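Engineer: Can you keep this structure in mind? I'll have questions shortly.
The values are calculated or read from the model by the stated rules, or taken from the named source; none is laboratory data. In this text, all values refer to a predicted model and were calculated from it rather than measured experimentally. Neighbour counts are summed over all protein chains in view; Cβ atoms, including those assigned to glycine, are modelled from backbone coordinates with ideal geometry. SASA here: full protein model, heavy atoms, side chains in, ligands and nucleic acids out. Shrake-Rupley method; radii C 1.70, N 1.55, O 1.52, S 1.80 Å.
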Amino acid sequence: MTKEEALHEIKKPSGVEENMIQAMRLMSKAGTVADIFALMPVATNGATAPAVKKFAVEAICSIIKESLLTRFSELTTEMRQKLATILQTLDPTIIKEISKDLMSNDSERRLSALQMLGILRRHPRVKDLLARLLQDRDPKIKATAVILLGKMMGPHDHQMVITLLGDEDKRVRANTIEALESLGNPRLAPALLKYRKDPSNRIRGNVLKALYNLGHTEIEDDLIDMLNSKEVLNKASALWVITQVKFSKSIKVIDAVGACLLCEDKMVHKNATQALKALESSSLRATGYLRYLGDILEF
């Protein structure tokens, strides 16, 4: 039986149960996301024979799981969530299946399985699985697990991730800062203060943004230090922070942002433009810089 014949059998059943089962088995291996819509009526129809329904559900779950594991980045956020909802509805044991993929020797498959946990986060087992992955040897897995866990933790769950501020991998540290910020607990600000001068521009930027959003708004000197740095990545990160928190209470900072419009680095110039646009509604000075210096450089 070819895939075309299988789809024909599914859409226009011959009435022979074995033919339908064979079609479902084939679709389980060869089906795509687009085929799910043809399979769903069979899986959800109360009049469907139990054996056929079982194979239809298995085929749908197999297609969705493989699509999420192998094409995760190609699917839109809306499509991922839709597929995850179908998967959870049809297969209550899906978390157990994903757990097996988390033990795979294929690092990309492990990462995709972890991302799947992120869209299945309402399942009661997901939080514990992610917490265990914080001890994983693979920095990518740890970095992804901590950022996903940050979306599930309560305001007092910081002990689950705070030790990762000292991790040797800078991606893990940067994501841990984001996770701690997402908790919205002002008491966490002191734990972040010592990372304001971290060698990594991303970590420094994340720390300043987190501090500001947690109520520690005295970040002017740190922003000035980064904006005046000879390192373009430091400048770019500081400008990103200003855009995110709309830091407009310091003329010195706005002047330093305006000066960045003259930087020949494209990323810095772009970030400076975005920062000043974010401040326009609260600062005439920002508007002035945009009006008179915004287009002075042509790349």
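Engineer: Among the helices (runs of 4 or more DSSP H) contained in region 237-299, which hold 2 or more residues that are touching an Asp or Glu at 6+ places or on another chain (Cβ under 9 Å)? Spell out how you get there, then give the answer.
Structural biologist: On the way: elements: 251-260, 266-279, 284-293.
Once the helices (runs of 4 or more DSSP H) in region 237-299 are filtered for at least 2 residues that are touching an Asp or Glu at 6+ places or on another chain (Cβ under 9 Å), what remains is 251-260, 284-293.
Engineer: Please enumerate the residues belonging to region 32-70 that are basic (Lys, Arg) and touching a residue at least 24 places away in the same chain (Cβ under 8 Å). Talk me through it step by step, then tell me what you get.
Structural biologist: Initial filter on region 32-70 (basic (Lys, Arg)): 53-54, 65.
Correct list: 65 only.
Engineer: Within region 214-229, can one find any residue that is open to solvent by 20 Å² or more (accessible area, probe 1.4 Å) and under 23 Å from the mean Cα position of the chain (by Cα)?
Structural biologist: No, region 214-229 contains no residue that is open to solvent by 20 Å² or more (accessible area, probe 1.4 Å) and under 23 Å from the mean Cα position of the chain (by Cα).
Engineer: Scan region 208-227 and tell me whether some residue there is aromatic (Phe, Trp, Tyr), at pLDDT below 95 and within 21 Å of residue 280 (Cβ to Cβ). First the steps, then the outcome.
Structural biologist: Within region 208-227, the subset aromatic (Phe, Trp, Tyr) is 212.
From the residues that got through so far, the ones that are at pLDDT below 95 too are none.
No, region 208-227 contains no residue that is aromatic (Phe, Trp, Tyr), at pLDDT below 95 and within 21 Å of residue 280 (Cβ to Cβ).
Engineer: Take region 198-216 and flag every residue that is free of Cβ contacts under 8 Å to residues at least 24 places away in the same chain and assigned to a loop (DSSP other than H, G, I, E, B).
Structural biologist: At the first step, the residues of region 198-216 found to be free of Cβ contacts under 8 Å to residues at least 24 places away in the same chain are 199, 211.
199 - this is the single residue of region 198-216 that is free of Cβ contacts under 8 Å to residues at least 24 places away in the same chain and assigned to a loop (DSSP other than H, G, I, E, B).
Engineer: Ok, one more. Considering only region 139-168, how many residues are open to solvent by less than 30 Å² (accessible area, probe 1.4 Å) and over 18 Å from the mean Cα position of the chain (by Cα)?
Structural biologist: Counting residues in region 139-168 that are open to solvent by less than 30 Å² (accessible area, probe 1.4 Å) and over 18 Å from the mean Cα position of the chain (by Cα) gives 4.
Engineer: Here's something else I'd like to know. Can you find even one residue in region 74-84 that is within 31 Å of the chain's Cα centre (by Cα) and over 24 Å from residue 95 (Cβ atoms)?
Structural biologist: Of all residues in region 74-84, those within 31 Å of the chain's Cα centre (by Cα) come to 74-84.
Next cut, over 24 Å from residue 95 (Cβ atoms) only: none.
Looking for residues that are within 31 Å of the chain's Cα centre (by Cα) and over 24 Å from residue 95 (Cβ atoms), one finds none in region 74-84, hence no.
Engineer: Continuing with this model, one more query. Only one of (1) in contact (Cβ under 8 Å) with a residue 24 or more places away in the chain; (2) closer than 23 Å to residue 138 by Cβ; (3) out of contact with any Asp or Glu (no Cβ under 8 Å at 6 or more places or on another chain) is not met by residue 79, so which one is it?
Structural biologist: (2)
Engineer: Of the residues 210, 238, only one is crowded, with 20+ Cβ neighbours inside 10 Å and in contact with a Gly (Cβ under 9 Å, 6 or more places away or on another chain); which?
Structural biologist: Details: 210 fails: in contact with a Gly (Cβ under 9 Å, 6 or more places away or on another chain).
The conditions single out 238.
Engineer: Count, please, the residues in region 16-47 that happen to be crowded, with 18+ Cβ neighbours inside 10 Å and outside any helix (DSSP H, G or I).
Structural biologist: Residues that pass the stated criteria total 1.
Engineer: While we're here: Residue 125 versus (1) more than 26 Å from residue 109 (Cα to Cα); (2) touching a residue at least 24 places away in the same chain (Cβ under 8 Å); (3) more than 19 Å from the chain's Cα centre (by Cα): which is the lone unmet condition?
Structural biologist: (1)
Engineer: Do you know which of the residues in region 67-110 that are open to solvent by 30 Å² or more (accessible area, probe 1.4 Å) and of a type in the set (A, V, I, L, M) is modelled with the lowest pLDDT?
Structural biologist: Top of the filtered list is 90.
Engineer: Restricting to region 48-85, give me the number of residues that are basic (Lys, Arg) and part of a loop (DSSP other than H, G, I, E, B).
Structural biologist: Keep residues of region 48-85 that are basic (Lys, Arg), which gives 53-54, 65, 71, 80, 82.
From the residues that got through so far, the ones that are part of a loop (DSSP other than H, G, I, E, B) too are 71.
Final tally of qualifying residues: 1.
Engineer: Can you tell me which residues in region 226-248 are touching a residue at least 12 places away in the same chain (Cβ under 8 Å) and of a type outside the set (A, V, I, L, M)? It would help to see each step written out before you state the result.
Structural biologist: Pass one, region 226-248, residues touching a residue at least 12 places away in the same chain (Cβ under 8 Å): 226-228, 231-248.
Listed by number, the residues that qualify are 228, 231, 234, 235, 237, 240, 243, 244, 246, 247, 248.
Engineer: Output the qualifying pairs, or none if there are none: Cβ atoms under 7 angstrom, residues six or more apart or on different chains, first residue in region 145-166 and of a type in the set (Lys, Arg), second residue modelled with pLDDT of 90 or more and open to solvent by 60 Å² or more (accessible area, probe 1.4 Å).
Structural biologist: 151/182
Results for (1) among the small types (Gly, Ala, Ser); (2) farther than 19 Å from residue 112 by Cα; (3) over 28 Å from the mean Cα position of the chain (by Cα), shown as yes or no for each residue.
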residue: 18; (1), (2), (3): no, yes, yes
residue: 21; (1), (2), (3): no, yes, yes
residue: 46; (1), (2), (3): yes, yes, yes
residue: 54; (1), (2), (3): no, yes, yes
residue: 65; (1), (2), (3): no, no, no
residue: 68; (1), (2), (3): no, no, no
